[in-house]
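Student: Submitted below is the structure of interest, expressed as structure tokens.
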Amino acid sequence: MSAQALADGAATLWRDEVVAPRLDALKQTSARLRSAADELCTRTSQERLTTMRDAWVATFAAWRALDPLPLDDGLRKAIEPGPAELQKVEAGVRASSGDAPIAADTPAGGRGLQALEYLLWGNDGASRALGRLQFHQRCVYAQALGQAIPAQVDALIAADHGASATQGDYLDRIASSLEDLTGPRLAQLGQGHQPTPTEFDGWRSKQTKRALAAELGTMEELLLGPGGTGGYLAPQYAGEAGAALLARLRDDFDTIHATLGKLPDDLPDAFTRHPNIATPLIAKLQDVLAVVDTLRHAKGTTGGGN
């Protein structure tokens, strides 16, 4: 079988066995989010707020599990355009009314998962209580955000589910995710940079660690295959050098899981107080990136940037 045929087979397996289940998980969690949003403002209560928060947490983890996958960037940004910008969220609150949907021209910082996180948790202890959502317009806007996200998820699934992605596209996207993690998101911690919690996705809800674990779990399955056998990339792991790469990746991910497991659940707070505790994790992520770069340039890996 040709190298191209093997690469095409790997891409098909990735789409069917990695991408499809994760998109389905996101569809299910976002449906829960919509259901919780539908009920949120009819009679605001701590119980309904908790249900909405739990649905958001599940959706955020499912969303972050998609980060290493080669999906359409424009459709990604419709679901999560980036960090919440408080002035834009508050402008959306002031403009919200009744059952009006989120307008297509709503600025990026005023919509998406992180904007909804701000409304559900706030930025401080006082605003984590129910009180912020007792203002009807704030609740209505949170409700509208929660109702908009599932439709955007459906659009992502319908329009781009990795059908045209090559093996090279997958490896390029994994490398991009790792570069993001070991660059602005984590690497500065061990270089004298004193971070603030706001630099980390999910800091308000204390979900940074869970989201990172979800992202790394997808990378691990793509790179190691079922049971860590390297099945999806078997041609690249053939021979003595390939077997060494596979063993190196297994060891790296074992260390990453062990290291992440020992870190506090509130990673932003821990990294803010003790930046150097991230150093071992960063080192292993950089090692995985080095292996991925080797795989990207290996003979038989086709498509993407190769």
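The values are calculated or read from the model by the stated rules, or taken from the named source; none is laboratory data. Note that the coordinates shown come from a computational prediction; the quantities given were computed from them, not determined experimentally. Because the Cβ atoms are built from the backbone with ideal geometry, glycine has one as well, and the counts that use them run over all protein chains shown. Areas reflect the complete protein model, heavy atoms only, side chains present, ligands, DNA and RNA absent. Shrake-Rupley method; radii C 1.70, N 1.55, O 1.52, S 1.80 Å.
Student: Give the residues of region 258-271 that are surrounded by fewer than 15 Cβ atoms within 10 Å (Cβ to Cβ) and in a helix (DSSP H, G or I), sorted by residue number. Don't jump to the end; show me each part of the working.
Tutor: Kept after step one, since they are surrounded by fewer than 15 Cβ atoms within 10 Å (Cβ to Cβ), are these residues of region 258-271: 258, 261-262, 264-265.
The answer is Ala258, Gly261, Lys262.
Student: Another question, then. Looking only at region 236-251, count every residue that is within 21 Å of Ala283 (Cβ to Cβ), touching a residue at least 40 places away in the same chain (Cβ under 8 Å) and either open to solvent by less than 10 Å² (accessible area, probe 1.4 Å) or not aliphatic (A, V, I, L, M) (or both) and tell me the total. Before the answer, list the steps.
Tutor: Taking region 236-251 first, the residues within 21 Å of Ala283 (Cβ to Cβ) are 244-251.
Within this subset, residues satisfying the condition of being touching a residue at least 40 places away in the same chain (Cβ under 8 Å) are 245, 248-249.
Filter once more, so that each one left must be either open to solvent by less than 10 Å² (accessible area, probe 1.4 Å) or not aliphatic (A, V, I, L, M) (or both): 248-249.
Selection size over region 236-251: 2.
Student: Restricting to region 278-288, what's the tally of residues that are surrounded by fewer than 18 Cβ atoms within 10 Å (Cβ to Cβ), touching a residue at least 60 places away in the same chain (Cβ under 8 Å) and of a type in the set (A, V, I, L, M)?
Tutor: Adding up the residues that qualify gives 0.
Student: Let me ask you something else. Here is a list: Arg204, Arg210. Which entry is within 24 Å of Pro275 (Cα to Cα), modelled with pLDDT of 85 or more and in a loop (DSSP other than H, G, I, E, B)? First the steps, then the outcome.
Tutor: Values: Arg210 fails: in a loop (DSSP other than H, G, I, E, B).
Just a single option satisfies the conditions, and that option is Arg204.
Student: Still on this structure, please answer the following. Hey, among the residues in region 12-57 that are surrounded by fewer than 18 Cβ atoms within 10 Å (Cβ to Cβ) and of a type in the set (Gly, Ala, Ser), which one's farthest from Ala211 (Cα to Cα)?
Tutor: That would be Ser45.
Student: Let me spell it out: the conditions are (1) among the aliphatic types (A, V, I, L, M); (2) at pLDDT 90 or above; (3) over 22 Å from the mean Cα position of the chain (by Cα); (4) open to solvent by less than 20 Å² (accessible area, probe 1.4 Å), and Leu233 meets all of them except one. Which number is the exception?
Tutor: In the conditions (1) among the aliphatic types (A, V, I, L, M); (2) at pLDDT 90 or above; (3) over 22 Å from the mean Cα position of the chain (by Cα); (4) open to solvent by less than 20 Å² (accessible area, probe 1.4 Å), Leu233 misses (2) alone.
Student: Something else: Checking the structure you have, find out if any residue of region 133-142 is hydroxyl-bearing (Ser, Thr, Tyr), at pLDDT 90 or above and surrounded by 15 or more Cβ atoms within 10 Å (Cβ to Cβ). Reasoning before the result, please.
Tutor: Keep residues of region 133-142 that are hydroxyl-bearing (Ser, Thr, Tyr), which gives 141.
Then drop every residue that is not at pLDDT 90 or above, which leaves none.
No, region 133-142 has no match at all.
Student: Hey, any hits in region 79-95 for a residue that's in contact with a helix residue (DSSP H, G or I) (Cβ under 8 Å, 6 or more places away or on another chain) and under 21 Å from Ala165 (Cα atoms)?
Tutor: For region 79-95, residues in contact with a helix residue (DSSP H, G or I) (Cβ under 8 Å, 6 or more places away or on another chain) and under 21 Å from Ala165 (Cα atoms): present.
Student: Contact list please: Cβ distance under 6 Å, first residue in region 198-210 and more than 16 Å from Arg53 (Cα to Cα), second residue of a type in the set (Asp, Glu) and open to solvent by 20 Å² or more (accessible area, probe 1.4 Å), pairs at least six apart or on different chains.
Tutor: Lys209/Asp265
Student: Only one of these conditions is not met by Lys299: (1) at pLDDT 85 or above; (2) within 30 Å of Gly168 (Cβ to Cβ); (3) basic (Lys, Arg). Which number is it?
Tutor: So the condition that Lys299 fails would be (1).
Student: Could you run through region 152-168 and say how many residues are open to solvent by 40 Å² or more (accessible area, probe 1.4 Å), within 18 Å of the chain's Cα centre (by Cα) and modelled with pLDDT of 80 or more?
Tutor: So the count comes out to 4.
Student: Name the one entry in Trp56, Trp121, Trp63 that is of a type outside the set (Ser, Thr, Tyr), over 12 Å from the mean Cα position of the chain (by Cα), at pLDDT 85 or above and under 18 Å from Gln28 (Cα atoms).
Tutor: Working: Trp121 fails: under 18 Å from Gln28 (Cα atoms); Trp63 fails: over 12 Å from the mean Cα position of the chain (by Cα).
Of the residues listed, the single one that is of a type outside the set (Ser, Thr, Tyr), over 12 Å from the mean Cα position of the chain (by Cα), at pLDDT 85 or above and under 18 Å from Gln28 (Cα atoms) is Trp56.
Student: Related question: Name the pairs: first residue in region 81-97 and among the β-branched types (Val, Ile, Thr), second residue in a loop (DSSP other than H, G, I, E, B), Cβ to Cβ under 9 Å, at least 6 apart or on different chains?
Tutor: These pairs meet every condition: Val89/Arg111; Val93/Phe135.
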